[in-house]
C-alpha cells in the first residue's frame, strides 16, 4: 500500500501575515496624513513666489456697486478695450511682479454667464505693481435672455511663471437685460477725487434701437400696402418733403397699430448709487402695443434707420423725444413727439363703428378736434370714409408731434451742446453705432 503524505499546514506564517495586517490597517490613516503633510511641506519649501509679495487682487469696479448689467455688456461687446473708457471697465486686476519679466496668467473659471477666460501678460519690472482690465468671454446668448435678476460667482486664479499664487472669488448680482443704467454715482477715490461725480450712461439708449430686427421687413411691407408711400428712398431724391412723407408713413402705421402710452420704468435694483430704467425692446413694443417716451423713440428710430434716415434721441430731464434729419447733410432736423400716438387709438375706433360706418357720438367727440369745420361737415354728410378719417387724424397728430417740443428744444440747445449738462443728451445714433451695438 502506498501512503500519501499530506503537506502540513504552516499556521505560523499565516499568523504572521494576519498580525502584520492588524498592525498596518489601524495606522493607514496616520500614514496617509503623514504623506500629505510631507508633500505639503515640500511644496511650500519649493514655492518660488510669496503670495503676500505678489499681492494679487481681483475686484469689480466700485462704480457698479457689485451689479452686473447685461445691457452694458451686450451693447459694448464689439468695442475694443483700447477704445473703451477704463473708468467704465467692469473688472480690475492688480498684481506686483515678484521678478523681472514675470509671466502673469489669470484664469477666470466658467460660470452660468461666462466661458473660461485667460489673461496673460508680461510683468517687466520686479516690485512694480500692474493693473489690468480683463475682457471676459461672456455667454452673450444667455445674457440676451435674462428677464429676471439673479446672482453669479466668478473665480479668478493667478499664476506667475506657471506657479499658482492665489485665488479670488467675486459675488455679483446681475440685472435683467431690459434694465438700462441712466447714471451711476462714482464712489470717492483718494487718488483722483470723484466724490458724488455722476457718470452718465444714457448713451445706452442706442443699444435698444435695432434697425436689423427681423420684424421690420414685414412692417415695411405692411406700410407700403397702406398706400401712404409707394417706396422707401431715404435721402435719394434729395427732397426734404419726401423724407417727411416717409416718416409720416411710419407714424401712420404706429397709429394704426394702436401703440398706447404706458410708463413701466421701475426695477428692483438695490443700489443706492444707481439711477436705472426698464426699457422695452422693439418686439415688446410691437407685441404689447405699449410704450413710454423712450420705448417709443426706440421703436420709431429702429424703423426710420432701416429706411436710411439719420435719427437723434434728445434726452431732457424726465423726458425723451426723437429727431430725424430731412437732408443727408444734416442741416435740417424735424422733431417728433412719439408719445402722441397714444392720443387716438385707431383699433379702438374701428371696433366701435356703427353699422352705417359712422362713429358713436362719444367716440366722435374725442376726435372731432382734429378735423377742420369743413372736414366735420363732410364726415357727417358721409363724404369721408373711416379710412379717410384715420388719414386726416394721422396728419393732424403728426403736425402736432413735429411742433410739440420745438419751444423747449430751442431753449435747451445750449444745454445739449454742453457736455457737463448730463441731464440733456443729444444721442446721434449714427455716431454712437461705432461704439454701441443693438442688444436684441
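Below are the figures for this structure:
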| read-out | value |
| --- | --- |
| Scope the stretch 362-384; condition outside any loop (DSSP other than H, G, I, E, B), at pLDDT 95 or above and more than 25 Å from residue 259 (Cβ to Cβ); matching residues | 373, 374, 376, 377, 378 |
| Matching residues in the stretch 54-74 - criterion: being more than 19 Å from the chain's Cα centre (by Cα), surrounded by fewer than 22 Cβ atoms within 10 Å (Cβ to Cβ) and assigned to a strand (DSSP E or B) | 57, 59 |
| Residue list for the stretch 255-284, restricted to those being assigned to a helix (DSSP H, G or I) and touching a strand residue (DSSP E or B) at 6+ places or on another chain (Cβ under 9 Å) | 284 |
| Top-ranked residue of the stretch 184-209 - restricted to ones that are under 30 Å from residue 112 (Cα atoms) and part of a loop (DSSP other than H, G, I, E, B), ranked as modelled with the highest pLDDT | 209 |
| The stretch 285-302: number of residues that are free of Cβ contacts under 8 Å to residues at least 60 places away in the same chain, surrounded by fewer than 22 Cβ atoms within 10 Å (Cβ to Cβ) and assigned to a helix (DSSP H, G or I) | 3 |
| Residue within the stretch 111-131 that is surrounded by fewer than 17 Cβ atoms within 10 Å (Cβ to Cβ), under 20 Å from residue 73 (Cβ atoms), in contact with a strand residue (DSSP E or B) (Cβ under 6 Å, 6 or more places away or on another chain) and touching a residue at least 60 places away in the same chain (Cβ under 8 Å) present | no |
| Number of positions in the stretch 346-361 that are surrounded by 19 or more Cβ atoms within 10 Å (Cβ to Cβ) and in a loop (DSSP other than H, G, I, E, B) | 1 |
| Evaluation of residue 139 against (1) surrounded by 13 or more Cβ atoms within 10 Å (Cβ to Cβ); (2) modelled with pLDDT of 95 or more; (3) closer than 25 Å to residue 293 by Cα (one fails), failing number | (3) |
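Every residue, every condition in (1) outside the structural domain of residue 398 (by TED's automatic domain parsing); (2) at pLDDT 95 or above; (3) surrounded by fewer than 19 Cβ atoms within 10 Å (Cβ to Cβ); (4) under 20 Å from the mean Cα position of the chain (by Cα), yes or no:
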residue: 256; (1), (2), (3), (4): no, yes, no, no
residue: 266; (1), (2), (3), (4): no, no, yes, yes
residue: 304; (1), (2), (3), (4): no, yes, no, no
residue: 312; (1), (2), (3), (4): no, yes, no, yes
residue: 340; (1), (2), (3), (4): no, yes, no, no
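Let's see how each residue does on (1) in contact (Cβ under 8 Å) with a residue 60 or more places away in the chain; (2) in a strand (DSSP E or B); (3) surrounded by fewer than 14 Cβ atoms within 10 Å (Cβ to Cβ); (4) not assigned by TED's automatic domain parsing to the domain that holds residue 90:
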{"site": "146", "(1), (2), (3), (4)": "yes, no, no, no"}
{"site": "152", "(1), (2), (3), (4)": "yes, yes, no, no"}
{"site": "165", "(1), (2), (3), (4)": "yes, yes, no, no"}
{"site": "182", "(1), (2), (3), (4)": "yes, yes, no, yes"}
{"site": "211", "(1), (2), (3), (4)": "yes, no, no, yes"}
{"site": "216", "(1), (2), (3), (4)": "yes, no, no, yes"}
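The values are calculated or read from the model by the stated rules, or taken from the named source; none is laboratory data. Please read these numbers as outputs of a predicted model, since none were measured by experiment. Virtual Cβ from ideal backbone geometry, glycine too; neighbours counted across all protein chains shown.
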